[in-house]
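Below you'll find the structure, written out as structure tokens, and then a few comments.
The values are calculated or read from the model by the stated rules, or taken from the named source; none is laboratory data. Keep in mind it's a predicted model, so treat the numbers as computed, not measured. Because the Cβ atoms are built from the backbone with ideal geometry, glycine has one as well, and the counts that use them run over all protein chains shown.
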Amino acid sequence: MKRREAIRRTSLMVGASAAAPALLSLIKGCTPERVPTWKAKAFTEQQSLTVEDVLDIIMPKTATPGALELDVHKFIDDMVSIIFKEEKKKAFLQGLDALDHTAREKHGSVFSACTKEQKIAILTEEDKGGEDKVQVGGRPFFAEFKSLATTGYFRTEVGCTQVKKHVGIPGRWDACIALEANQPVWAE
């Protein structure tokens, strides 16, 4: 190998090693930041991310597992895809899309790309309900979502045993009992 060829190859190797991080970031920038970790039956990818984010806000992991850890998102997907009639399913999907629309109007990006504070603000506004909100089965979308989330959560073993307090053989019947702060509710 001649001297000129060796210098040319060396400079190519140095140039390629210097340019590699820039090329890698360019390629990485073309891929979406987040994709759902599950394949939904009723939701698009964006709707799946919205469902995950809403669940993570309303039922986060604390001393007990959060809704995502207990696959509540899959329960909601099954309910919407299998149990809901077509009209109710369509309204529920419109409710998810409305969250993205609100996020775009207020923050310039879809719901799943917003900060946690922005998401909480959107959901707080959504929780107020109103005539202008999407209705699912005669009630506001977010009320329906919360109902599905709590139903899904408390149908899991963790929801029934760690969050609710269960007495296998109950004692006497007390119709009205006082609850202390942070006392779990009784499982049915």
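The table below gives the values:
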read-out	value
Residue among Glu33, Glu69 that is in a loop (DSSP other than H, G, I, E, B), modelled with pLDDT under 90 and of a type in the set (Asp, Glu)	Glu33
Lys89 vs. criteria part of a loop (DSSP other than H, G, I, E, B) and on the phi < 0 side of the Ramachandran plot	no
Options Glu131, Glu69: the member that is touching a Lys or Arg at 6+ places or on another chain (Cβ under 7 Å) and of a type in the set (D, E, K, R)	Glu69
Positions within segment 127-169 being among the hydroxyl-bearing types (Ser, Thr, Tyr) and assigned to a loop (DSSP other than H, G, I, E, B), in sequence order	Thr156
Top-ranked residue in segment 53-69 [being surrounded by fewer than 22 Cβ atoms within 10 Å (Cβ to Cβ) and of a type in the set (A, V, I, L, M, F, W, C); ranked as nearest to Pro140 (Cα to Cα)]	Ile58
Qualifying residues in segment 74-107 (those that are of a type in the set (Gly, Ala, Ser) and touching a strand residue (DSSP E or B) at 6+ places or on another chain (Cβ under 7 Å)) - the one surrounded by the fewest Cβ atoms within 10 Å (Cβ to Cβ)	Ala91
Selection from segment 151-187 of residues that are of a type in the set (A, V, I, L, M, F, W, C) and either under 28 Å from the mean Cα position of the chain (by Cα) or at pLDDT below 70 (or both)	Phe154, Val158, Cys160, Val163, Val167, Ile169, Val185, Trp186, Ala187
Checking Glu180 against (1) part of a loop (DSSP other than H, G, I, E, B); (2) of a type outside the set (Val, Ile, Thr); (3) within 26 Å of Val35 (Cα to Cα), the condition it does not meet	(3)
Checking Ser109 against (1) more than 20 Å from Lys41 (Cα to Cα); (2) touching a helix residue (DSSP H, G or I) at 6+ places or on another chain (Cβ under 9 Å); (3) part of a helix (DSSP H, G or I); (4) hydroxyl-bearing (Ser, Thr, Tyr), the condition it does not meet	(3)
